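Following: one structure in structure tokens, then a few remarks.
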Amino acid sequence: MRLLPIVAASVALAWAAAAQDSKLKPGYAGSETCAGCHSEISEAFVKNRHHLVDTDKKRGWEGMACEGCHGPGAKHAETTETKDIIQPAKLAGLKSMQTCLGCHTGQPVQTAHLQNAHSRNSVACTSCHNVHKTGAESTAAIQRKPIGVTGQCASCHVNIIAQFRKPHAHRVPEGAMACNNCHNPHGSLNPRNLRTANGNDLACVNCHADKRGPFVYEHLPVRNEPCTICHEPHGSANPRMLNRAQVFLQCLECHSNVPSPSAAGTLGGVPPAFHDLRNPRYKNCTSCHQKIHGSNVSKGLLR
Amino acid sequence: MKRQLFGLAISLTLPVTFAMAQDTQQAKPAEPAKTEAKKEEKKDAAPDQAAAKESPFTAEVEAGGRWISGVAGDFNTYRSVVNLQEGFRVNTVQMDFQKEGSKIADEMHFLANAWGDPYNTLRFTMDKYKVYRFTTNYSNMAYFNYLPSFANPGGAYAFNQRAYDTQVKNYMSELELLPQYWVSPYLIYERNSSDGLGITPLVLEGNEYPIRNLIDWNQVNYRGGVRGKFRKAFFNLEQAWTRFGDDQYTYINEINTGNRTFPYLGQQLRLTNANQYYSVRGTGPITRGSMSASPTNWLDIYGQVIYASPTTDVNYSQNEFGSIAARVPPYLFVGRSGAESFIGDARRPRSSGSFSLEARPNQRIRIREIFEADKSHVSGNGTNIVAYNQAPGTADITAQPPVWGRTEVSYFRQTVEALVDVAPKWTVRGGYRYEWGDSATNPSSTVGPLLGLEAGSLLRHVGLGGVTGRIGDKLSVNADIEASNGVKTYYRTGLQDYEKIRIQARYNLTTSWLLQANYSDLNNENPAVGVEYDFRARQAGLSLQWLPKGGRIATIVADYAWSGIRSDISYIIPSLFQTAQSLYVDNAHTGTLMADIRTPGVYGPRFSFGGSFVQTGGSRPTKYYQPIARVTMPLAKKFQFFSEWRYYDMNQTLYPQETFRTHMIMTGLRFLIQ
């Protein structure tokens, strides 16, 4: 009993000594240790938004931001072996993605993450984003410019970018637009990662708001199919980026059901018209049916 | 005594033991301590050096003058495709400020591109950590389209009756407060507008008359919401309001005989005066909610719901004078004037949502379940009055055709998929997707009174599969397959029985050589009687990049892509009710080369050259070449001279009147401010 206070005091002294290093989790070396060898990366990291993780007391990684992605680094600090540290860029896609999503799940762009084709195909976040580069090579600087975003997409989607070289195309090669004006690379409610605009419409109406409607007289494919039923938005040799070289064929390929709907259940009846298609006057249906996306006045979409 | 001595020994040795341990712990990082000392020296030195060479403000301006050689061929086609003009241009203005702890903003970035050109953009962002984030985007794009091959009812005449010469502008500003906090509110303002001129036909009974078209519409969105960002969860609630206006006006003040080349009931139809005025006003709320959460380390869930209910109010009027076919049944007269008015409205409540989850029962398996739904209907009604005057001194004949429209659309999609890491760098996935929906449109909405209610369904079973993997550190492969046994589709050209394959490979030949290849194939068929649709689209691409020494001395990127489309379906000629074949073929070869070579030395020039070519064959054979060459010459440390040559050459075999060629030279200066 007489020894108890003495023992208690000794334990208290030992506890105080250990408390000095409790900020670092077991097995973690701390960002300052990383900077000892990786000084250039560390200096560049100061300018990166992720540096907030290193200084923010509330995020749980204060002083350990590097190891937030790379895993515990104490052993690597001793051995300097690459096998003793996680390298997210070299992980398989989904595992690399999980490294980022461990913190970034809670962001607006990730809401449709599971519908994202990139996610399904295990395209890692590091394919487009880097956290270590600074200045003109940083992700922020590259993606600030439309041409920078397009260049990143083009590194994989070679055949898609090639379509923009056709004469009738959105102004993507000119740098006036980028792929992410229409697509959300992180996923979207719509197929093909197409963004929503004006609520729950397709991204097209973000710029083509006059096609949004509603119209008193609707053209049904505008409502139950995407705009790509008639248009090729990336680029086409056909004017107005249509899918067909002749406008009347674009229309009549659907408007050929007799009766309507046909036995196959497809929509689009044959119009009760006497248009002689040999006459240039009838080669372009939209010369008369000019409100083809929907009309407020004419059920024949004439006005 | 012995016990007291023992106690004293314990009380002395215990602290000493811990002190020695502490010394050991402190001694252990003796190497780190030395490293730390070195780091401190480096850090002390580095900030001084960094401060000496790094300013928080950098800027870059590139501007010059463009000269065009003169457009050989059709100028309207050139404007429809390229549309660049001569004169002074500001290619780029970029200003960046980054200094943490500054009073107003920690970061500011301004970027403007192509000012003076027909498609220019501007972007400005401003951040103060943990206080606000402000973003503005603006774009102004000219849309000029005058291609007689598109709408030339005159046949021999090079006249396009569906022409546009407009400016499409987009503006967006977003202010987010407390962005790095758990809860941050935000406000967004968006505006999309288009105004300009065009040509459009005024369609009357028996004839259509191309007249002037003044285009003026705009849409504004006011959005406000709050984002909650927590460690394992996120939510976003947003309320928005849309306002839309369209004031299209078409008119003609001179005689116009229209497209009809033969008399109507023995008389030549013509207009002497006409106008048509739209006043469309739209409003509507948009409510959006989304969330994501990771309640456990093996489960992620996501969801979003969007509800929008836009409405449209229409006030339309039209007047025409001349020799006009009767506008009211039985259409057997030619009279002097006609008029039409319409007052009506339409509304379209629409609900969309999705819910998805990923479960990870162990380290290697992921199960994903996604459900998406979309439902809307459009109901429109109004009062339409058509008046027609046959002869002087007679009363107008009027008619009020029924005006009522309703369209209903629903769409659902259910997907379940499993992803399995079969090896450390290989993932295999397989799944099933079920899509279904219904659409209907009522008689008043259809083209003619002879057709009844049109209703259709969509029903599709889709199998999904894929594999992703890495072979060593250099080669990564990705393959995706989708196959469907469609039961019902909406349209004759819709997806029915299809297979879709996509393969992509990426190979790092060396640290400076990268090879990328991809291939995709979509094969769609609808064998149903009365449809017999056969469609195939294939694409293949190859890209080679060479960046010796990380791109510091040269960058060369070469791409080649081939695409082939073949669509074969029958259609009915309306006037004859006979079947004909619609065969669309497009084979396109596209190539791009960009080489950028830096000569050694601070004042060594930099050469860039390359360009792109497109050659298509099939239904609309086209050749389009765009070579480019550029030289940049540093004149001083932050001052460069540049000169750029571009050539545009477009040729269309079936439409030789829609070709053009032109040279373009732009020369200017580039300033760097640091």
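Test each condition in (1) assigned to a loop (DSSP other than H, G, I, E, B); (2) modelled with pLDDT of 90 or more; (3) within 13 Å of chain A (Cβ to nearest Cβ); (4) surrounded by fewer than 17 Cβ atoms within 10 Å (Cβ to Cβ) for residue B:104 and report the one that comes out false. Checking residue B:104 against (1) assigned to a loop (DSSP other than H, G, I, E, B); (2) modelled with pLDDT of 90 or more; (3) within 13 Å of chain A (Cβ to nearest Cβ); (4) surrounded by fewer than 17 Cβ atoms within 10 Å (Cβ to Cβ), the one that fails is (3). One residue stands out among those in segment B:339-392 that are within 30 Å of residue B:296 (Cβ to Cβ) and among the basic types (Lys, Arg): the one that is modelled with the highest pLDDT, which is B:368. Of the strands (runs of 3 or more DSSP E) entirely within segment B:555-674, none holds at least 2 residues that are in contact with a Gly (Cβ under 6 Å, 6 or more places away or on another chain), on the phi > 0 side of the Ramachandran plot and not acidic (Asp, Glu). Residue B:260 passes every criterion in (1) touching a Gly at 6+ places or on another chain (Cβ under 7 Å); (2) in a loop (DSSP other than H, G, I, E, B); (3) under 30 Å from residue A:109 (Cα atoms) apart from (3). In the set (1) over 30 Å from residue B:289 (Cβ atoms); (2) more than 10 Å from chain B (Cβ to nearest Cβ); (3) without any contact (Cβ under 8 Å) to a residue 40 or more places away in the chain, residue A:157 fails one condition alone, (2).
Taking segment B:338-378 as the range and being of a type in the set (Ser, Thr, Tyr) and buried (at least 19 other Cβ atoms within 10 Å of the Cβ) as the test, the residues that pass are B:352, B:354, B:356, B:376. Entry remark, segment A:100-119: residues being assigned to a helix (DSSP H, G or I) and crowded, with 21+ Cβ neighbours inside 10 Å number 5 in total. Of everything listed in (1) over 30 Å from residue B:388 (Cα atoms); (2) more than 8 Å from chain A (Cβ to nearest Cβ), the single unmet condition for residue B:348 is (2).
Of all residues being small (Gly, Ala, Ser) and more than 11 Å from every other protein chain (Cβ to nearest Cβ) in segment B:599-639, which is surrounded by the fewest Cβ atoms within 10 Å (Cβ to Cβ)? Just the residue, please. The selected residue is B:601. Take residue A:264 and decide whether it is at pLDDT below 95, in contact with a Pro (Cβ under 9 Å, 6 or more places away or on another chain) and facing chain B (nearest Cβ under 7 Å). No: the conditions fail for residue A:264.
Every residue, every condition in (1) of a type in the set (Phe, Trp, Tyr); (2) surrounded by 17 or more Cβ atoms within 10 Å (Cβ to Cβ); (3) within 26 Å of residue A:124 (Cα to Cα); (4) out of contact with any strand residue (DSSP E or B) (no Cβ under 9 Å at 6 or more places or on another chain), yes or no:
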site	(1), (2), (3), (4)
A:29	no, yes, no, yes
A:38	no, no, yes, yes
A:41	no, no, yes, yes
A:52	no, no, yes, yes
A:56	no, no, no, yes
A:85	no, yes, yes, yes
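Of all residue pairs spaced 6 or more apart or on separate chains, those with beta-carbon atoms under 9 Å, a first member in segment A:233-245 that is facing chain B (nearest Cβ under 9 Å) and at positive phi and a second member that is assigned to a helix (DSSP H, G or I) and of a type in the set (Ser, Thr, Tyr) are A:240/A:286. Any residue in segment B:313-332 that is in contact with a Gly (Cβ under 8 Å, 6 or more places away or on another chain) and farther than 30 Å from residue B:267 by Cα? Yes, that holds for at least one residue.
Beta carbons closer than 9 Å, at least 6 apart along the sequence or on distinct chains, pair a first residue in segment B:85-104 that is without any contact (Cβ under 8 Å) to a residue 24 or more places away in the chain with a second that is loosely packed, with under 14 Cβ neighbours inside 10 Å for B:86/B:65; B:86/B:67. Put simply, of B:245, B:225 the only residue that is surrounded by 14 or more Cβ atoms within 10 Å (Cβ to Cβ), under 19 Å from residue B:303 (Cα atoms) and at pLDDT 95 or above is B:225. Just so you know, in segment B:366-404 the residues that are within 14 Å of another protein chain (Cβ to nearest Cβ) and outside any strand (DSSP E or B) include one that is nearest to residue A:200 (Cα to Cα), and it is B:403.
Sort out which residues of segment B:513-543 are facing another protein chain (nearest Cβ under 10 Å), aliphatic (A, V, I, L, M) and over 23 Å from the mean Cα position of the chain (by Cα), and write them in order of number. Matches in segment B:513-543: B:514, B:517, B:528, B:529, B:531, B:542. Note on segment A:276-303: residues that are surrounded by 18 or more Cβ atoms within 10 Å (Cβ to Cβ), of a type in the set (D, E, K, R), part of a loop (DSSP other than H, G, I, E, B) and facing another protein chain (nearest Cβ under 8 Å) total 3.
Okay, residues lined up against (1) more than 25 Å from residue A:60 (Cα to Cα); (2) of a type in the set (Lys, Arg); (3) at the interface with chain B (Cβ under 7 Å from one of its Cβ atoms); (4) not in a helix (DSSP H, G or I):
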site	(1), (2), (3), (4)
A:75	no, yes, no, no
A:89	no, no, no, no
A:94	no, no, yes, no
A:97	no, no, no, no
A:149	yes, no, no, no
A:161	yes, no, no, no
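The set of residues in segment A:120-141 being of a type outside the set (S, T, N, Q) and either crowded, with 19+ Cβ neighbours inside 10 Å or in a helix (DSSP H, G or I) (or both) consists of A:120, A:123, A:124, A:125, A:131, A:135, A:136, A:137, A:140, A:141.
The values are calculated or read from the model by the stated rules, or taken from the named source; none is laboratory data. Computed from a prediction, not measured in an experiment: that's the story for all the values here. No Cβ is skipped: glycine too gets one built from the backbone with ideal geometry, and neighbour counts run over all protein chains shown.
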